[in-house]
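Novice: Structure in structure tokens, see below.
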Amino acid sequence: MTIPATQTKIAQLAPVLITGGGRRLGRHAAETLADSGQPVIITYRTERPELDLLRAKGITTLQADFTDEAHILDFIQRLKNATLCLRGIIHNASDWLPDQQDLKSASENFQHLFTVHMLAPLLINQACEPLLLAYQGQRDIIHISDAVVQKGSKKHGAYVATKAGLESLTQSFAARFAPNIKVNAIAPALIMFQPNDDAAYREKALKKSALQIEPGAEVITQTIQYIMDNRYLTGVILPVEGGRSVI
């Protein structure tokens, strides 16, 4: 089958969307893909000078607030104005909020985490299906979950529950979008410490995994690339957790 010239151009320019792509894991993935020649669009929450470095690489940056439905829908419209198609979507935007004893605060936190971790991916996936189908090659959606889903958490129950919901969405969208769009998830554990993590915390955290290392963001980018390269993988949650499950 001969692909029309307009569709060929669309395929060549099809970007990967990375939500929460301005910092840490999302930023590393965005920079690595862009350096390989892959067009990239990222979302960010707050303007920072570091974003200019991404823009200098040709990465398109869109401000986005995923904390309520109206803002999510506004972002979707601006995304559609920015591109005719997508090679893939990486849902990396996330929030880390502890559980609260006060019931009103607990409810607000849960609603916030549900909206960021579940509602935003659901609406974006549904709205962007036509953009993905406009690309004339392999198409991917990747959800970034968390390995803690397998164990639960005493202090971050709402966070874990909504990440578990994201993993459920992974399998549902994999079934719904097959065979045209692959949908998978990555479930990391400790990948990068925060700059203010003290030595005692770091030592304790490292001992929770069999490999006892801080691997760095590249292991997530490698896993993203593996998923995007593998044409026979969908509906899978890949743990990247250094052997925590065997400790």
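Laboratory data are not the source of any read-out in this text; all were calculated from the coordinates shown. As the structure is a prediction and not an experimental result, all values here were calculated from the model. Note that we place each Cβ from the backbone using ideal geometry, even for glycine, and neighbour counts take in every protein chain shown.
Novice: If the cut-off is 20 Å between C-alpha atoms, which aspartates and glutamates fall inside it for residue 151, apart from same-chain ones fewer than 8 positions away?
Specialist: Qualifying aspartates and glutamates at Cα under 20 Å: 95, 99, 167, 241.
Novice: Which one, 223, 121, 190, projects farthest toward the positive side of the charge dipole computed for the range 5-240 from Cβ point charges (K/R +1, D/E -1)?
Specialist: Result: 223, furthest along the dipole toward the positive end.
Novice: Continuing with the same structure: Can you give the Kirkwood hydrodynamic radius for the range 5-240, in Å, rounded to one decimal and based on Cα pairs?
Specialist: 18.4 Å
Novice: Still on this model: Can you figure out the FRET efficiency of residue 151 with residue 68, using R₀ = 35 Å and their beta-carbon distance, to the nearest 0.05?
Specialist: Efficiency at R0 = 35 Å is approximately 0.70.
Novice: At a Förster radius of 22 Å, what calculated FRET efficiency corresponds to the Cβ-Cβ distance of residue 23 and residue 82, to the nearest 0.05?
Specialist: According to the calculation, E is roughly 0.60.
Novice: Select from 235, 88, 26 the residue whose mean-square fluctuation is largest in a Gaussian network model of the chain (Cα-Cα springs shorter than 10 Å).
Specialist: So, out of 235, 88, 26, the one fluctuating most is 235.
Novice: Now for a different question. How far apart, in nm, are two points set 7 Å out from the Cα along the Cα-to-Cβ line at residue 97 and at residue 111?
Specialist: Result for the modelled spin labels: 0.9 nm.
Novice: Mind listing the phi-derived Karplus ³J(HN,Hα) values for the range 35-50, rounded to whole Hz, using 6.51, -1.76 and 1.60 with θ = phi - 60°, and x for any glycine or proline?
Specialist: 5, 7, x, 7, x, 9, 10, 10, 9, 9, 8, 10, 5, 9, x, 4
Novice: Fewest Cβ neighbours within 10 Å first, please rank 19, 46, 67 accordingly.
Specialist: Ordered by Cβ neighbours within 10 Å, fewest first: 46, 67, 19.
Novice: Hey, fewest Cβ within 10 Å first, where do 41, 142 land in order?
Specialist: Ordered from fewest to most neighbouring Cβ atoms within 10 Å, 41, 142 come out as 41, 142.
Novice: Now a separate question. Could you give the size of the charge dipole of the range 1-134 about its Cα centre, using +1 on the Cβ of each K and R and -1 on the Cβ of each D and E, expressed in debye and rounded to the nearest 20?
Specialist: So the dipole magnitude of the range 1-134 works out to roughly 580 debye.
Novice: Sticking with this one: Is there a quick way to get the dipole size of the range 5-240? I mean about its Cα centre, with the Cβ of Lys and Arg at +1 and of Asp and Glu at -1; what is the value in debye to the nearest 20?
Specialist: In total the dipole reaches around 440 debye.
Novice: I've got another one for you. With springs only between Cα atoms under 10 Å, which of 185, 205, 161 fluctuates most in a Gaussian network model of the chain?
Specialist: 205
Novice: Taking the chain as the reference, fit the longest principal axis to its C-alpha atoms, fit the long axis of helix 120-133 to the helix C-alpha atoms, and give the angle between the two in degrees, 0 to 90, nearest 10.
Specialist: With both axes taken from Cα atoms, the answer is about 20 degrees.
Novice: I need the calculated FRET efficiency for the pair residue 55 and residue 133, taking r as the beta carbon distance and R₀ as 25 Å, to the nearest 0.05.
Specialist: 0.30
Novice: Right, another one. Please turn the phi angles of the range 68-82 into ³J(HN,Hα) values with the Karplus equation 6.51 cos²θ - 1.76 cosθ + 1.60 (θ = phi - 60°), one per residue in order, whole Hz, x for glycine and proline.
Specialist: Computed from phi, the couplings for the range 68-82 are 8, 4, 4, 5, 5, 5, 5, 4, 4, 5, 5, 5, 5, 6, 8 Hz.
Novice: Fewest Cβ neighbours within 10 Å first, please rank 75, 114, 66 accordingly.
Specialist: Exposure proxy ranking, most exposed first: 114, 75, 66.
Novice: Just flag the chymotrypsin sites (Phe, Trp or Tyr not before Pro) in the range 132-238 sitting in loop per DSSP whose Cβ has no more than 16 other Cβ atoms within 10 Å.
Specialist: 193, 232
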